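Derivation of every value follows stated rules applied to the coordinates shown; laboratory data play no part. None of the values given here were measured: they were computed from a predicted structure. Positions of Cβ are generated from backbone atoms using ideal geometry, with glycine treated the same way; all protein chains shown enter the neighbour counts.
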Amino acid sequence: MSVLHLLASQQDRNDEEPNIELAHMLANEENLEGIEEIVVNLSNKDKKISHDCIKVAYEIGQVKPALISKYAPIFLELLTSRHNRLVWGAMSALTTIAEVASDTIMENHKSVIRAMKNGSVITVDKGVLTLAKLAKVNKENCNVIFPFLLQHLENCRPKEIPQHAESTLIAVDDNNKEEFVAVLQKREKYLTAPQLKRVKKIYKTVEV
């Protein structure tokens, strides 16, 4: 039985609650057929349906990442969509499965970086977190990705520094923490007092 009638748009709802409820139901029941239908309809010509489906997909990922991990190639492909909702929704989905689908996403990490360059605020925020999670998986990943994360922190807008530094912190270890702190210290002069307070909390966590 189709689950599409449970989508928000199909109930004439303007809020996301039906989509969240559907995601939790599919995840809790481990309804693979229903999840497959959601993913197939990411390409539905009715944008209301495709937008609802991407919401359901990444909400499933937040509950049980393994249930959507095999769809990583589809989410990666959506990063080039003309529809911004699908782009940042796909990046949100990739964030939830970055560790369980690390091999696939790592092979295509340049697609994540490209999407960040021209993406919305959410796309960039989720992109940083996705890359940090990938870098955390193993040393090889970290060697490839961490230099980009540092470069990003050196060049991103000051107001983004605290959040993106907190995300990058996932991938910080004894081998790279001094470099990480050095980049943040260089950017301190651009931060407001509340932003600097958040960054100083990061220093305490790292304890160089």
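In the chain, taking the dipole from charged Cβ atoms about the Cα centre, the farthest positive-side position among 26, 76, 194 is held by 194.
Per-residue ellipticity at 222 nm computed for the chain from its helices equals -21500 deg cm²/dmol, with DSSP H segments shorter than 4 residues left out and the rest contributing -39,500 (n - 2.57). The GluC sites (Glu not before Pro) found in region 173-207 that occupy coil by DSSP, while having at most 15 further C-beta atoms within 10 Å, are 207. Which pairs, out of 48/117; 45/136; 126/204; 55/133; 64/186, put more than 28 Å between their alpha-carbon atoms? Where the Cα-Cα span goes over 28 Å, the pairs concerned are 45/136; 64/186.
Per-residue Cβ neighbour counts within 10 Å put 91, 106, 1 in the sequence 1, 106, 91, beginning with the fewest. Phi angles of region 179-196 translate, via the Karplus equation with coefficients 6.51, -1.76, 1.60 and θ = phi - 60°, into HN-Hα couplings of 4, 4, 5, 4, 5, 5, 5, 5, 9, 4, 5, 8, 8, 6, 4, x, 5, 5 Hz per residue; Gly and Pro are given as x.
Mind pulling the angle between the C-alpha long axis of helix 109-118 and the longest principal axis of the chain? Nearest 10 degrees, somewhere in 0 to 90. Computed tilt is about 90 degrees.
Under a model in which nothing but the beta-carbon of Lys, Arg (+1) and Asp, Glu (-1) is charged, the chain shows a dipole of about 1120 debye around its Cα centre. Computed over the chain, the convex hull of the alpha-carbon atoms projects to a mean area of 12.0 nm². Restricting the calculation to Cα atoms, region 43-127 shows an Rg/Rh of 0.93 when the hydrodynamic-style radius is the Kirkwood one.
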